[in-house]
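To keep things clear, I will list the structure first and then write my remarks on it.
No lab work stands behind these numbers, since they all come straight from the coordinates. All values derive from a computational prediction rather than experimental measurement. Using ideal geometry, Cβ is built from the backbone for each residue, glycine included, and neighbour counts are taken over all protein chains shown.
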Amino acid sequence: MPDGAMQAARPVRFRARGFVARRHPAASVVVFLALIAAWEAAVRLGLISELFLPAPSSVLAALRELIEDGTLRDNLAASLFRLLTGWAAGTIVGIAAGFAIGLSSLARAAGIPVISAIYPIPKIALLPLFILWLGIGETSRVTVVALGVFFPTCIATFGAIDNIPRGIIRMAQSFDVPPLAILRKVVLPAALPGILSAFRITAAVALLLLVAAEMIGAQSGIGAYVLAQGQLMQTDHLLAGVLVISVLGLLIGTGLSWLEKRLLTWR
Amino acid sequence: MELVGRGIGQVFGDVTALAEIDVHVADGEVLGVIGPSGCGKSTLLAILGGLLKPSRGTVEVSGRKPPDCLAEIAYVFQDFNLLPWRTAEGNVRLPLEHHSMPEAERRERVAEALALIGLTEFAAAFPRQLSGGMRQRVGIARALAVRPAVLLLDEPLSALDAQTRELLMEDFQRIWLRDRTTAIYVTHNLTEALQLADRIAVFTRRPGRVREIVAVDVNRADRATPAGRARLAELHDHLWGAIRQEALVADRELEHA
């Protein structure tokens, strides 16, 4: 058609196809179930040796055994105690240190070089040292978990405080709100989302360090159990232990999501 | 109350933001402050409100406080500075919480401030649920709740769209006709200054000085009448003449701050 010639009316072609996020809830379930089924089938058909990778049904049977003979309860209790005390100690001290650095330039000048120097050390590498210092008991394992939790918590806390818009603090000052009340009513709630999102990271770090610490010289705990079952070639019990750890991680994540929803309704 | 600043100068590093400013706001007067961007208008307001220590000069307030006044000076900010985790009501409550008073009085003050600016039905809304205009209304109600002697407004309408701005100017007009609160209104918008101020201080570009002071010689209540509008239009031309050259040069200056 030559330029400038009259054209008949026609609809404008739709050109914005694709690049749009859609939800496919069924796909996730189907793929997950298919993988489990394929795994079960492969073991039953003898394609995979039961010794190296037991079928999902055998893992579930082992798990039932663990629950029934009380092994799970004892080991889980020991693990949860270490996880909770270690995580709580690291979180409390980390938030306190983070507030000190976030609010005081002196604490910042003193603290940040130390934190930057120690943060990159893989904390599990320090466990042998802690065992020398604190003995082979609970304290050294709890300390490793606490130390691993401390750094991300502290860094996230002062980062969250640094990111508070200066304007809302000036606003509170302009209305003569006393400093402690500014801390409680402005700084703390403004930093809370940042601190809560650190909980997600520290929960994962704590679980990882817990299992690793339990594999070094512990008599009880899920980590110690998994290691022992490996040495006995009891792979079904080993995987049952791994399954427990995964479910624990999942439950912690769900709990944290619930907590965020409860505390941050305003978002 | 009246507010007097004498010989105020502000230096940031090697940049002189304010040269040598004298301001005087009489009791019940609204002083408009206009000037090109970066002329130090907001810096001056922060100094006058005690949020910034000036390099030189003094600021004094004097006179009788209005009844039930909790704070001599209250601010309204350009970007509202609301606490997003508090409802409109909770935000207005904040400046009252550290003053001891019966809870009933606190509630009454909050309700009255919200009602004055038409926010009663939005009392339970969080800032994210409110439009920009409504958010600034919360900021205004928060300042009014302390019944201040001097109101400092730092470009309060600059973050809003043109229509919302008109509506909020009507609100300000109503509040000033009612309470006669002493106020300083910083803006870069000539129309806002002419609608709302009794006198307008025109600032030069950085380092900021007062270039001239223009009296808006039209009664507040008459500013919407044809005669009032005509006079405001003349003043607008005069102000623009004074400020155009300053703005032009300021706009071409390289940012060295």
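Hey, any idea what Rg/Rh is for the protein assembly as shown, computing Rh the Kirkwood way over Cα pairs? Present the calculation step by step, with values, prior to reporting the outcome.
Values: Rg = 32.9 Å, Rh = 28.8 Å.
In the protein assembly as shown, Rg relative to Rh is 1.14.
Give the aspartates and glutamates whose C-alpha is closer than 16 Å to that of B:Lys65, dropping any in the same chain fewer than 8 places away, or say none.
Excluding near neighbours in sequence, the set is B:Glu2, B:Asp27, B:Glu29, B:Asp179.
Which percent, to the nearest 5, of DSSP beta bridges fully inside the protein assembly as shown are antiparallel?
Numbers: 18 of 36 bridges.
That works out to approximately 50 percent antiparallel.
For A:Gln219 and A:Ser246, what is the calculated FRET efficiency with R₀ set at 25 Å and r taken between the beta-carbons, to the nearest 0.05? Walk me through the numbers before you get to the answer.
Working: r = 23 Å, r/R0 = 0.92.
Efficiency at R0 = 25 Å is approximately 0.65.
Need one value for B:77-84: mean number of C-beta atoms belonging to other chains within 10 Å of its residues' C-beta atoms.
Details: counts 5, 1, 4, 3, 9, 3, 8, 7.
So the per-residue partner count for this stretch is 5.
By how many degrees, 0 to 90 and rounded to 10, does the Cα axis of helix B:226-252 deviate from the longest principal axis of chain B?
Approximately 60 degrees, to the nearest 10.
Compute the distance in nm between two label points, each set 7 Å from the Cα along the Cα-to-Cβ direction, one at A:Ala5 and one at A:Ala26.
Distance between the two pseudo-spin positions: 4.9 nm.
Determine the shielding of peptide A:174-183 by partner chains: average, over its residues, the number of Cβ atoms on other chains within 10 angstrom of each Cβ. Each step should come with its number before you reach the end.
Working: counts 14, 16, 10, 4, 1, 0, 1, 3, 1, 0.
Per residue, the average neighbour count from other chains is 5.
When the Debye formula is applied to the Cα atoms of the range B:128-171, each taken as the same point scatterer, what base-10 log of I(q)/I(0) results at q = 0.13, 0.22, 0.34 Å⁻¹?
After summing over all Cα pairs, the log10 values are -0.28, -0.78, -1.30.
Regarding chain A, what's the average projected area of the Cα-atom convex hull, expressed in nm²?
Details: hull surface 111.8 nm².
Mean projected area of the Cα convex hull: 27.9 nm².
When we measure straight from the Cα of A:Lys261, which lysines land under 26 angstrom away, once same-chain ones fewer than 8 places off are left out?
A:Lys185
Between Rg and the Kirkwood Rh of the range B:33-82, both from Cα atoms, what is the Rg to Rh ratio?
My calculation puts Rg/Rh at 1.01.
Taking only the C-alpha atoms, wrap a convex hull around chain B and report its volume per residue in Å³ as a whole number.
Working: hull volume 34.6 nm³, N = 257.
Cα convex hull per residue, to the nearest whole number: 134 Å³.
Could you give the spread of the C-alpha atoms of the range A:1-81 along their three principal axes, from largest to smallest, in whole angstroms?
87, 40, 17 Å, listed from the longest principal axis down.
Using square roots of five times the C-alpha gyration tensor eigenvalues, list the equivalent-ellipsoid semi-axes of the range A:118-181 in whole Å, biggest first. Don't skip to the end; give the middle numbers.
Values: eigenvalues 324, 34, 8 Å².
Gyration-tensor ellipsoid for the range A:118-181: 40, 13, 6 Å.
Throw me the Rg/Rh for the range A:32-122, computed over C-alpha atoms with Kirkwood Rh, two decimals. Provide the component values of the computation, followed by the final result.
On the way: Rg = 23.5 Å, Rh = 17.9 Å.
Taking Rh as the inverse mean 1/r over Cα pairs, Rg/Rh reads 1.31.
How many Cβ atoms of partner chains, on average, are near each residue of B:90-101 if near means within 10 Å of its Cβ?
Numbers: counts 2, 1, 0, 0, 7, 6, 1, 4, 9, 2, 0, 0.
Taking all residues of B:90-101 together, the mean is 3.
Under the definition of Cα pairs under 8 Å and six or more residues apart, what whole-number percent is the relative contact order of the range A:56-263? Intermediate values should be presented prior to the final figure.
Values: 228 pairs, mean separation 58.9, N = 208.
In percent, rounded to a whole number, it is 28.
Taking only DSSP H segments of four or more residues, each worth -39500 (n - 2.57), what value at 222 nm results for chain A once the sum is divided by all its residues, to the nearest 500 deg cm²/dmol?
On the way: 11 runs with 192 residues, N = 267.
Helix contribution divided over all residues of chain A: -24000 deg cm²/dmol.
Give a quick list of chymotrypsin sites (Phe, Trp or Tyr not before Pro) in the range A:1-101 that DSSP marks as loop, anything other than H, G, I, E or B, with at most 13 other Cβ atoms within 10 Å. List each step's numbers first, then the result.
Numbers: sites: A:Phe14, A:Phe19, A:Phe32, A:Trp39, A:Phe52, A:Phe81, A:Trp87, A:Phe99; in loops: A:Phe14, A:Phe19, A:Phe52.
Qualifying residues, ordered by number: A:Phe14, A:Phe19, A:Phe52.
Determine, for each peptide in A:44-50, A:194-200, A:71-77, B:31-37, the mean count of other beta carbons within 10 angstrom over its residues, then list the peptides with the highest first. Could you put the intermediate results ahead of the total?
Details: A:44-50: 10.7, A:194-200: 18.7, A:71-77: 16.6, B:31-37: 23.6.
With the highest mean Cβ count within 10 Å placed first, the list reads B:31-37, A:194-200, A:71-77, A:44-50.
Where a Cα-Cα gap under 17 Å defines reach, which lysines qualify for B:Lys53, not counting those fewer than 8 residues away within the same chain?
Reachable lysines: B:Lys41.
If you take the beta carbon distance between B:Ala221 and A:Leu256 as r and set R0 to 41 Å, what does 1/(1 + (r/R0)^6) give as a FRET efficiency, to the nearest 0.05?
Plugging the Cβ-Cβ distance into 1/(1 + (r/R0)^6) gives 0.10.
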